[in-house]
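Below is one structure, written out as structure tokens; the observations come after it.
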Amino acid sequence: MSSNPATVAIPDYRTGIWKADPVHSDVAFSLRSLMIGKARGRFADHDVTIVTSEDPLGSSVTATIDVASIDTGNAARDKHLRSASYFDVERYPTMTYRSTGVRGSVERPLVEGELTLHGVTRQVPLTLEVNGFGPDPLGGRRVGFSATARLSRREFGIGDTVALDGGGVVMGDKVSISLEIQAVLQK
């Protein structure tokens with residue numbers, strides 16, 4: 001365990017390489033639907049690696065998400081979202097995220113990074129919350145993180161804009177991303 005003063009704010013902080021536990025992690029999204037509600041979904045298949053360094057602000061994350069694993073709870077909608085009209089999973093089967101730095105404080109970190117989606121790469125910062133480090137029941141070590149981001153689907157060339165009678169659009173442009181990651185320290 002590090003005795004770095006910056007890590008005092010993160011009890012039981014450990015350096016190392018951590019892999020997300022897919023059973024205890026969630027990559028979810030929501031966006032405005034019909035201007036009156038929100039459509040929600042998740043990506044079931046993802047590979048997330050976190051590297052914690054001696055200085056927590058020097059840590060990094062990489063992620064690959066299988067876009068075809070989208071699940072909105074509606075099979076017909078999921079099929080449409082996988083089509084060339086939206087995600088075009090035949091041409092763009094994955095999206096990737098690669099951090100480029102961490103800024104802010106240990107208590108309120110902001111992860112800077114690049115999201116590549118639909119063949120387009122854009123800067124997408126993640127507001128991060130460190131939920132904690134600790135032992136798991138099998139004798140291993142775990143860490144938990146929550147993160148949020150917001151992006152424009154149009155900036156990534158995803159989907160069309162269908163107008164509603166009376167104003168507004170069928171699907172909003174702004175997408176809220178919510179990540180709940182529980183990762184296991186690799187030996």
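The values are calculated or read from the model by the stated rules, or taken from the named source; none is laboratory data. Note that the structure is a prediction, hence the values are computed from the model and not measured. When we count neighbours, we look across all protein chains shown, and the Cβ atoms used for this are built from the backbone with ideal geometry, even at glycine. What goes into the accessible areas is simple: the full protein's heavy atoms, side chains included, and nothing from ligands, DNA or RNA. Shrake-Rupley method; radii C 1.70, N 1.55, O 1.52, S 1.80 Å.
Those residues that are under 13 Å from the mean Cα position of the chain (by Cα), small (Gly, Ala, Ser) and either crowded, with 16+ Cβ neighbours inside 10 Å or outside any loop (DSSP other than H, G, I, E, B) (or both), I need them from the range 32-49; list them, please. Talk me through it step by step, then tell me what you get.
Just the residues of the range 32-49 that are under 13 Å from the mean Cα position of the chain (by Cα), to begin with: 41-49.
After this cut, where a residue has to be small (Gly, Ala, Ser) as well, the list is 41, 44.
Of everything in the range 32-49, just one residue is under 13 Å from the mean Cα position of the chain (by Cα), small (Gly, Ala, Ser) and either crowded, with 16+ Cβ neighbours inside 10 Å or outside any loop (DSSP other than H, G, I, E, B) (or both), namely GLY41.
Which residue pairs have Cβ atoms under 6 Å apart, sit 6 or more places apart or on different chains, and have a first residue in the range 97-125 that is in contact (Cβ under 8 Å) with a residue 60 or more places away in the chain and farther than 18 Å from VAL51 by Cβ and a second that is surrounded by fewer than 20 Cβ atoms within 10 Å (Cβ to Cβ) and among the hydrophobic types (A, V, I, L, M, F, W, C)?
GLU107/ALA9
From the list THR100, THR72, THR52, exactly one residue is within 19 Å of the chain's Cα centre (by Cα), more than 16 Å from GLU180 (Cα to Cα) and surrounded by 18 or more Cβ atoms within 10 Å (Cβ to Cβ). Which is it?
On inspection, the qualifying residue turns out to be THR52.
In the range 104-127, what residues are aliphatic (A, V, I, L, M), more than 18 Å from VAL175 (Cβ to Cβ) and part of a strand (DSSP E or B)?
Correct list: LEU110 only.
I'd like to know if the range 105-118 contains one or more residues that are at pLDDT 95 or above, of a type outside the set (Val, Ile, Thr) and farther than 22 Å from ASP47 by Cβ.
yes
Inspect all residues belonging to the range 29-48 and state whether any of them is among the β-branched types (Val, Ile, Thr) and at pLDDT 95 or above.
yes
Would you pick out the residues in the range 85-97 that are open to solvent by 40 Å² or more (accessible area, probe 1.4 Å) and closer than 20 Å to LEU151 by Cα?
SER85, TYR92, PRO93, THR94, THR96
How many residues are under 13 Å from the mean Cα position of the chain (by Cα) and open to solvent by less than 20 Å² (accessible area, probe 1.4 Å) if we restrict to the range 55-64?
Adding up the residues that qualify gives 1.
Every residue, every condition in (1) at pLDDT 85 or above; (2) touching an Asp or Glu at 6+ places or on another chain (Cβ under 7 Å); (3) surrounded by 15 or more Cβ atoms within 10 Å (Cβ to Cβ); (4) not in a strand (DSSP E or B), yes or no:
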site: PHE133; (1), (2), (3), (4): yes, yes, yes, no
site: PRO137; (1), (2), (3), (4): yes, no, no, yes
site: THR161; (1), (2), (3), (4): no, no, no, yes
site: ASP173; (1), (2), (3), (4): no, no, yes, no
site: ILE177; (1), (2), (3), (4): yes, no, yes, no
site: ILE181; (1), (2), (3), (4): yes, no, yes, no
site: VAL184; (1), (2), (3), (4): yes, yes, yes, no
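For residues that are out of contact with any helix residue (DSSP H, G or I) (no Cβ under 6 Å at 6 or more places or on another chain), open to solvent by 30 Å² or more (accessible area, probe 1.4 Å) and of a type outside the set (S, T, N, Q), tally how many sit in the range 108-121.
So the answer is 5.
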